[in-house]
Amino acid sequence: MPINSFDAYPMSWKPDISNSTAPLYIAIAQQLELDIKEGRLTPGTKLPPQRELADFLDVNLSTITRAFKLCGQKGLIYASIGSGTFVSTDAASNKILLPSNRTTPIIEMGSVLPDNFVNEDITRYMKKMVGEPSFPKLFQYGRPEGNAWQNEAVLKLFELVNFQTDQPILLGAGGQNAIVGTLAALFQPGDRIGTDPITYAGMKTAANMLGIQLVAIQQCQGEMTKEGLLYACKNEHIKGIYVIPDFHNPTTHTMSVETRKMIAEVARQRNLLVIEDAIYSFLKENPYAPIASYAPEKVIYIASLSKTISPGLRLSFIVTPPAFRKKIMETLYNINISVSPIMLELAARLIHEGVAQTIMEKHRAYAKQQNALVNHYLAEYHILGDEECIFRWLLLPDKFTGVQFELLASKAGVQVYAAERFAVGNAKPVNAVRMAIAAPEYQLEQALIILKDILESNGDYTFVD
């Protein structure tokens, strides 16, 4: 680097890689990650242009490009066309996403897990299957499509969410795997997908893994706007969008019928692929029709039994336009995201005999009971979510950020998830945390008392050893 070219030049980041023995692009990426973790680069900071950094470090422009690409894949930075490259809003929270070495008990209100008291109903049907002469035939490899009787069961289930389709059903080993398989089949590294500014963390992980960039779409009252969607099509060159229309994770919002129709219309006009994640739709007593019912040729519809019957079934359903069916099916097969024939047969029987529907009603009743506790203990605070939803969105007083509150709660023995975990790109999240409510009643009550005490403190909560 020339001796005095950048001495007094204002730059938001001046990395020092003089002591690194790693290849240059890796050394730059490592220094960027270190500076984020240690607070020298805060979320939202605009990084110097790549050419400027290359001049500062006296390296080739391609070296900076490789370093930024590496950091982008980790979710540390975010590029916006025409605006520059920024430190991601959730970059500082990466360290709290790592596994904890904690040894003391913690009440789980972070991961969204359904209650497990209905597993006896499932076990009873499983025992019945085991005793049948044909049971050994189910010990085979699964395939991305079931038989006619099993597909009929899925269509029967779809009727509960006002969805009718004449397309064959593809099967996946859980909703997350279905999302990964769909992304891998239909998108390429470097493609851009529009999402809500705060979205499902699993989608963020999948996109980072596959080199796909998520773009936050402008919102109004918790829903994508037509203006924001059209802007992203024109200026961010998005190829598709990802949405959770019912009980959005993490905000709990349910999308209006008008917005569902608008998304379908824009998808047709701008040739967008829509990934509709309907994982929570079956929890609603009176759901709206899905986006897929308005633009079936543009929507990949994904539903799952994980949150509504049991995670152990590891079963999801994918409805795809004919043009994409072969690609998705081949991808699911080739990366071995297949289903267990035993679990598929069990699920089909539960649906055909009405047991699945009864289980959903039991889950719904339990959620209402748990949410009554939440409403009682946190009545003084702004908390979003319907009584059927198995998680809530707590908007925090200004004295807390989401990350601060998550760390305080964790230290006090309660796990909740900060809004920063779900933020996309440079979208600055509100100060909020997501709270799952399916913990046993006595644990939930204890956790809510702790959370209320923290909320009433000034960030100086006294921890009891």
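The values are calculated or read from the model by the stated rules, or taken from the named source; none is laboratory data. Since this is a predicted model, take the numbers as computed values, not measurements. All Cβ positions, even for glycine, are placed from backbone atoms using ideal geometry, and neighbour counts span all protein chains on display. Keep in mind that these areas ignore ligands, DNA and RNA; they rest on the heavy atoms of the full protein, side chains included. Shrake-Rupley method; radii C 1.70, N 1.55, O 1.52, S 1.80 Å.
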Does residue 267 satisfy being touching a residue at least 60 places away in the same chain (Cβ under 8 Å) and either closer than 22 Å to residue 385 by Cβ or in a helix (DSSP H, G or I) (or both)?
-> no
Go through (1) touching a helix residue (DSSP H, G or I) at 6+ places or on another chain (Cβ under 8 Å); (2) basic (Lys, Arg); (3) modelled with pLDDT of 95 or more and name the single condition residue 314 misses.
-> (3)
For segment 389-424, enumerate the residues that are crowded, with 18+ Cβ neighbours inside 10 Å and in a loop (DSSP other than H, G, I, E, B).
-> 389, 390, 396, 400, 401, 416, 424
Name, by its number, the condition in (1) under 23 Å from the mean Cα position of the chain (by Cα); (2) over 17 Å from residue 79 (Cα atoms); (3) crowded, with 16+ Cβ neighbours inside 10 Å that does not hold for residue 256.
-> (3)
Restricting attention to segment 361-368, does a residue exist that is assigned to a loop (DSSP other than H, G, I, E, B) and either surrounded by fewer than 18 Cβ atoms within 10 Å (Cβ to Cβ) or at positive phi (or both)?
-> no
Provide a single number: the residues in segment 117-146 that are surrounded by 13 or more Cβ atoms within 10 Å (Cβ to Cβ) and of a type in the set (S, T, N, Q).
-> 1
Hey, any hits in segment 129-143 for a residue that's touching a helix residue (DSSP H, G or I) at 6+ places or on another chain (Cβ under 9 Å), of a type in the set (Ser, Thr, Tyr) and in a loop (DSSP other than H, G, I, E, B)?
-> yes
Do the conditions hold for residue 114, that is, is it surrounded by fewer than 13 Cβ atoms within 10 Å (Cβ to Cβ) and part of a loop (DSSP other than H, G, I, E, B)?
-> no
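Residues checked against (1) open to solvent by less than 60 Å² (accessible area, probe 1.4 Å); (2) of a type outside the set (S, T, N, Q); (3) in contact with an Asp or Glu (Cβ under 9 Å, 6 or more places away or on another chain); (4) over 18 Å from residue 312 (Cβ atoms):
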residue: 160; (1), (2), (3), (4): no, yes, no, yes
residue: 166; (1), (2), (3), (4): no, yes, no, yes
residue: 169; (1), (2), (3), (4): yes, yes, yes, yes
residue: 174; (1), (2), (3), (4): yes, yes, no, no
residue: 182; (1), (2), (3), (4): yes, no, no, yes
residue: 191; (1), (2), (3), (4): yes, yes, no, yes
Could we say that residue 332 is among the aliphatic types (A, V, I, L, M), open to solvent by 10 Å² or more (accessible area, probe 1.4 Å) and either over 23 Å from the mean Cα position of the chain (by Cα) or under 30 Å from residue 130 (Cβ atoms) (or both) here?
-> no
Among the residues of segment 206-240, which ones are open to solvent by 40 Å² or more (accessible area, probe 1.4 Å), assigned to a helix (DSSP H, G or I) and in contact (Cβ under 8 Å) with a residue 12 or more places away in the chain?
-> 208, 209, 210, 226, 230, 231, 235
Matching entry among 426, 371, 375 (being on the phi < 0 side of the Ramachandran plot and touching a Cys at 6+ places or on another chain (Cβ under 8 Å)) | 371
Which one is modelled with the highest pLDDT among residues in segment 428-463 that are of a type in the set (A, V, I, L, M, F, W, C) and either open to solvent by 50 Å² or more (accessible area, probe 1.4 Å) or more than 20 Å from residue 391 (Cβ to Cβ) (or both)?
-> 449
